[in-house]
1. Got the relative contact order for the chain handy, in percent, Cα pairs under 8 Å and 6 or more residues apart?
2. In which sequence would Phe58, Phe138 go, from the one with the fewest C-beta neighbours within 10 Å to the one with the most?
3. Enumerate by residue number the GluC sites (Glu not before Pro) in the range 6-59 meeting two conditions: DSSP loop (anything except H, G, I, E, B), and at most 10 other Cβ atoms within 10 Å of the site's Cβ.
4. Pop out the ³J(HN,Hα) list for the range 93-107 in order, Karplus 6.51 cos²θ - 1.76 cosθ + 1.60 with θ = phi - 60°, rounded to Hz; leave Gly and Pro as x.
5. Kindly write out, for the range 30-35 in residue order, the coupling ³J(HN,Hα) from the Karplus curve 6.51 cos²θ - 1.76 cosθ + 1.60 (θ = phi - 60°), rounded to whole Hz, with x marking Gly and Pro.
6. Given H placed 1.01 Å from N in the peptide plane, which residues other than close sequence neighbours of Ala10 have an amide H under 5 Å from its amide H?
7. For the range 1-72, how big is Rg over Rh, using alpha carbon atoms and the Kirkwood form of Rh?
8. For the chain, what is the mean residue ellipticity at 222 nm derived from helices alone (per DSSP H run of n ≥ 4: -39500 (n - 2.57); sum divided by total residues; nearest 500 deg cm²/dmol)?
Amino acid sequence: MAEPWTTTGATVWFTGLSGAGKTTISEILARNLREHDVRVEILDGDVVRENLSKGLGFSKEDRDINIRRIGFVCDLLSRNGVIAIAAAISPYREVRDEVRSNTTNFLEVYARCPIDVLSDRDVKGLYKKALAGEIKNFTGVSDPYEEPLNSELVVDTDRGTPEEYADRIVDALEEKGYLSRRPAPAAARHDEVPA
């Protein structure tokens, strides 16, 4: 195990279109933090939909409910000294800002990537189908995606590696005071007598 890092707890909130690299970067970030004995949990949008938000559709109202649920869990974890990583498209700015205002130690990361690159990456061909009008309510094509206006970090995922971006997020967490790469001071020994 590498030298332990300390954290106050925080939420790293990824937003960005499908295929932009949110989950990939999240997994690398979580692995890096765990190597330093930091408690971390990933709330991936697809996994949350299957478990915590089963039955919700893709209307704006249902998407907002899903994001509020993820935000609630992230705040609960953050307040208890865990770094919560949310990797969800979260297409609407208003509900993202609402989650920000209700969450302890919030850091938004916008995973930005052009549609043509996302379409090329898409092994399922969903972007091509959406662009051809075959899929309705596809975020960023036939359904809106409102880009963030005040993200703490923007990562252009068509220009760098997920490892580089994970390192940049660790830097940002430290700059905000949510993480310290310096080890916690050793506890004073109980048998020491003050001078």
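1. The value is 33 percent.
2. If I rank by nearby Cβ atoms, fewest first, I get Phe58, Phe138.
3. Here no loop site has a sparse enough neighbourhood.
4. 4, 4, 6, 4, 5, 5, 4, 3, 5, 9, 10, 5, 6, 9, 10
5. Couplings: 4, 4, 4, 5, 4, 4 Hz.
6. It is Val82, Ile83, Ala84, by chain and number.
7. Ratio of gyration radius to Kirkwood radius: 1.04.
8. -12000 deg cm²/dmol
Every read-out reported here was derived from the displayed coordinates using simple, explicitly stated rules and does not represent laboratory data. Since the structure is predicted, the reported quantities are computational estimates derived from the model, not experimental observations. For neighbour counting, all protein chains shown are included, and Cβ atoms are generated from backbone atoms with ideal geometry for every residue, glycine included.
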